[in-house]
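The values are calculated or read from the model by the stated rules, or taken from the named source; none is laboratory data. What you see is a predicted model, and the numbers here were worked out from it, not measured in a lab. For neighbour counting, all protein chains shown are included, and Cβ atoms are generated from backbone atoms with ideal geometry for every residue, glycine included. Areas reflect the complete protein model, heavy atoms only, side chains present, ligands, DNA and RNA absent. Shrake-Rupley method; radii C 1.70, N 1.55, O 1.52, S 1.80 Å.
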Amino acid sequence: MTIDPTSAAPASNPLANALCAPLASRGGPLLHLEDGSSRTGAEVDGETRRIAAALRAAGVEPGDRVAAQVEKSPAALSLYLACLRLGAIYLPLNPAYTDVEIAYFVEDAEPAALVCDPRRAAGLSAVAGGATIFEMDADGRGPLTAGGAAFDAITPRSPDDVATILYTSGTTGRAKGAMLSHGNLLANAETLRACWRFTAEDVLLHALPLFHAHGLYVAANVSLLAGAQMIFLPKFELESLLAALPRATALMGVPTFYTRLLADPRLSRETAGHLRVAISGSAPLFASTWEAFKARTGLEILERYGMTETSMNASNPYEGARKPGTVGPPLPGVEARVVDADSGAPLPVGEAGALEVRGPNVFKGYWRMPAKTASEFREDGFFITGDLAQVDADGYLTIVGRAKDLVISGGYNVYPKEVEDALDALEGVAESAVYGAPHPDFGEGVVAEIVRDVGSAAAPSETEIIAAIRERLAAYKTPKRVFFTDALPRNAMGKVQKKLLRERRADLFVETGDRA
Ligand code: MLC
Ligand code: AMP
């Protein structure tokens, strides 16, 4: 099926029809849970309709935002599907975000409903604005799933209507809500399902969070579209993953999943023997990890490349050569080009430059930020990814770096500017520089260099600074180490030379073996 996300017709809600409608007749298992129980498609469908009815009864209208800061559970999946059915915009949020972080998202997105863990409800009620708060615990219990009426309709939505908003931070430190349309999500899921050969015979090992593009747009959408089953683990936990692996036909993970699996001697041809495909993305996968995984399991990891704004853009082939270190050719229907960042002129094969993409997968823009949106697109509709890439003679892309100041830690994006702003606001800090140092587990670990404010009586220690930041920002954004320096290294233009800092601390985590 080819979806044209710009077409205004026909208002039938193709995404909900593709993902939700088939569930009612699925009497077999859809989700296999850690405790050995399972949920049939029909059960998930029933829960979806109940949640949709409860949201509707609370006044949630099509186009309204439903923010959710909930633990991963079958009900969290149903909540997403309920929003699609209702025509509401689903806005998932990492449970690791602090109340301070949530306050910004709520103020910006003005959701009609905020679904959260009961333990967070009191704190969040202070920042919820006009949103109705619904509690949902880690087992999915709460007023939305308690029973009652069912919303059986599927609200008409055109492919151009917004289905989800996922916040991604930015180089300015201000998070932006990336709006993905129904057409965007369906087109990408359909392409991936076909490229990766997902069918109703598949059992996907789903250990990713459900609040990011990887776990939601890729893992969940593709499985639902294919009618596949999912082993639905609440999070990555090595023991559970190894226990479930022999039952899975497919695995999707960030590179940390693969390095952690490889560090365990139980990963073998036998334990991974049922897998037909192991997919990696969200951060660079080292060729050495690819080789080691192949040597141990016989499987060639299929690496693909995407981002929140675009879902998936490129993938190594299912059939044909998978080249370690590359992310494969652009997906069918996606155009990718490598250009000179300043002139926009296309670069020849083998030359590294700015990567730009265009296709039915590319998002509608940033929520209420038309100027920011416009500045990230070229006139001919190509989106400037902020990644640096080169293309080889076979058309395979390699991501060689980032034009944007970004750290990717265990697959989570950390924008240094956001952390630097939080550091600079602390008493006793004159200025700071945040960057990523190589980390054996997370790929990159967040590190801060601080210049103390000599005019201030406060002289916070490393531990105090880490504790103060942790109150404001999620743990994965909080620097794992803080160093003090008299001056930050700057170039002639006055720009902090983060490359130099990274090089200086290249052995920081590697030497100490520090994982936390
Ligand atoms: C957890 N911590 C992290 C971290 N995850 N620190 C840095 N980076 C991370 N990614 C913190 C914890 O809060 C804890 O801090 C300490 O580090 C140790 O935690 P852990 O027990 O080792 O972490 P764990 O819970 O096992 O989580 C690690 C992980 C997880 C890699 C499994 O981060 C994860 O699931 N990452 C996937 C992220 C993802 O889905 N990205 C996709 C984005 S979409 P403390 O202080 O509490 O002790 C995208 C587009 C695309 O990028 O292309 O897919
Ligand atoms: P996010 O904003 O969380 O969606 O992160 C998207 C970013 O992750 C991209 O812009 C890339 O920098 C990075 N990324 C995703 N997949 C890969 C990959 N396979 N290799 C290298 N970087 C990747």
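Count the DSSP beta bridges whose two residues both fall in segment 1-160, then state the antiparallel fraction as a percent rounded to the nearest 5.
The antiparallel proportion sits near 20 percent.
Ordering SER181, SER375 by how much accessible area each has at a 1.4 Å probe, largest first, what is the list?
In descending accessible area the options line up as SER375, SER181.
Any idea of the accessible area per residue across segment 326-386, 1.4 Å probe, to the nearest Å²?
46 Å²
Name the trypsin sites (Lys or Arg not before Pro) in segment 398-495 that are in a loop by DSSP and that have at most 10 other C-beta atoms within 10 Å, would you?
Taking segment 398-495 and a limit of 10 other Cβ atoms within 10 Å, the loop trypsin sites (Lys or Arg not before Pro) found are LYS495.
Calculate what fraction, in whole %, of the accessible area of segment 98-247 sits on carbon and sulfur atoms when a 1.4 Å probe is rolled over the protein chains.
Here carbon and sulfur together make up 54 percent of the probe-accessible area.
Which of rounded, prolate, oblate describes segment 26-66, given a ≥ b ≥ c as roots of the alpha-carbon gyration tensor eigenvalues and a/c under 1.5 marking rounded, otherwise prolate only if a/b is larger than b/c?
Prolate shape, in that a/c is at least 1.5 and a/b is the bigger ratio.
Restricting the calculation to Cα positions, tell me the Rg (one decimal) and the Dmax (whole number) of segment 229-378 in Å.
Cα radius of gyration and Dmax of segment 229-378 are 18.0, 53 Å respectively.
Viscosity 0.890 mPa s, temperature 25 °C: give me the Stokes-Einstein translational D for the chain in µm²/s, with Rh taken as the Kirkwood radius over C-alpha pairs.
Using the Kirkwood radius from Cα pairs, D works out to 104 µm²/s.
Relative contact order, percent, of the chain when contacts are C-alpha pairs under 8 Å separated by at least 6 residues?
Result for the chain is 12 percent.
Would segment 137-217 count as rounded, prolate or oblate if I go by the C-alpha gyration tensor, calling it rounded below 1.5 in a/c and otherwise prolate when a/b exceeds b/c, oblate otherwise?
Since a/c stays below 1.5, the shape of segment 137-217 is classed as rounded.
Take the Cα pairs of segment 1-133, get the Kirkwood Rh, then feed it into Stokes-Einstein at 4 °C and 1.567 mPa s and tell me D in µm²/s.
Reported coefficient: 81 µm²/s.
Stokes-Einstein at 20 °C, 1.002 mPa s, Kirkwood radius from Cα pairs: D for segment 319-407 in µm² s⁻¹?
For the chosen part, D equals 155 µm²/s.
Straight-line reach from LYS372: which lysines have Cα under 16 Å away, leaving out those fewer than 8 places along the same chain?
Partners within reach: LYS176, LYS364, LYS404.
May I ask for the net charge around ARG378, where only other residues with Cβ less than 12 Å from the Cβ of ARG378 are counted and Lys, Arg are +1 while Asp, Glu are -1?
Within the 12 Å Cβ shell, the charges total -3.
Kindly list the residues of segment 398-414 that lie in the label zone of LYS495, defined by a backbone N under 12 Å from the point 7 Å along the Cα-to-C-beta vector.
403-405
Note the full-extension length gain between VAL400 and THR485 as 0.36 nm times their separation in residues minus their Cα-Cα distance, in nm to one decimal.
That pair, VAL400 and THR485, stretches by 27.6 nm at full extension.
Segment 408-516: which GluC sites (Glu not before Pro) are DSSP loop and have at most 16 other beta-carbon atoms within 10 angstrom?
Those satisfying the criteria are GLU427.
What GluC sites (Glu not before Pro) in segment 24-96 are in a loop by DSSP, with at most 11 other Cβ atoms within 10 Å of the Cβ?
Loop-located and lightly packed - none at all.
Checking understanding here: applying a Kyte-Doolittle mean of at least 1.6 and a length along the axis of at least 30 Å (C-alpha), which whole DSSP H helices in the chain pass? Walk me through the numbers before you get to the answer.
Numbers: long enough: none.
TM-like helix candidates: nothing returned.
Once the dipole of the chain is set up with Lys and Arg at +1 and Asp and Glu at -1 on Cβ about the Cα centre, which of THR398, TYR412, PHE151 lies farthest towards its positive end?
With unit charges placed on the Cβ atoms, the residue in question is PHE151.
Report, for the chain, the % of DSSP beta bridges that are antiparallel, rounded to 5.
60 percent
Decide, for segment 62-168, between rounded, prolate and oblate: order the square roots of the alpha carbon gyration tensor eigenvalues as a ≥ b ≥ c, take rounded if a/c falls under 1.5, and otherwise choose prolate if a/b is larger than b/c, else oblate.
Oblate shape, in that a/c is at least 1.5 and b/c is the bigger or equal ratio.
Counting pairs of alpha carbon atoms under 8 Å apart in space and at least six apart in sequence, what relative contact order in percent does segment 281-417 give?
Rounded, it is 20 percent for segment 281-417.
Could you pull out every one of the lysines with an alpha carbon less than 16 Å from that of LYS323, ignoring same-chain neighbours closer than 8 positions?
In chain and number order, the partners are LYS294.
So how do THR191, THR310 rank on accessible area, 1.4 Å probe, biggest first, that is with the largest at the start?
On the way: THR191 35, THR310 0 Å².
The ranking, largest first, comes out as THR191, THR310.
Considering only protein heavy atoms and a 1.4 Å probe, what is the carbon-and-sulfur percentage of the accessible area of segment 408-488?
50 percent
Could you pull out every residue, at least 5 positions away or on a different chain, whose amide H is within less than 5 Å of the one on ILE231? Hs are placed 1.01 Å off N in the peptide plane, and Pro or chain starts have none.
Under 5 Å from the amide H of ILE231 lie the amide H atoms of HIS32, LEU204, LEU205, HIS206, each far enough along the sequence or on another chain.
Before anything else, pin down the relative contact order of segment 1-159: Cα pairs under 8 Å, at least 6 apart, normalised by residue count, whole percent.
Reported relative contact order: 31 percent.
Using a 1.4 Å probe on the protein heavy atoms only, what accessible surface does VAL510 show? Give it in Å² to the nearest 10.
80 Å²
In square angstrom, what is the accessible area per residue of segment 228-297 with a 1.4 angstrom probe?
39 Å²
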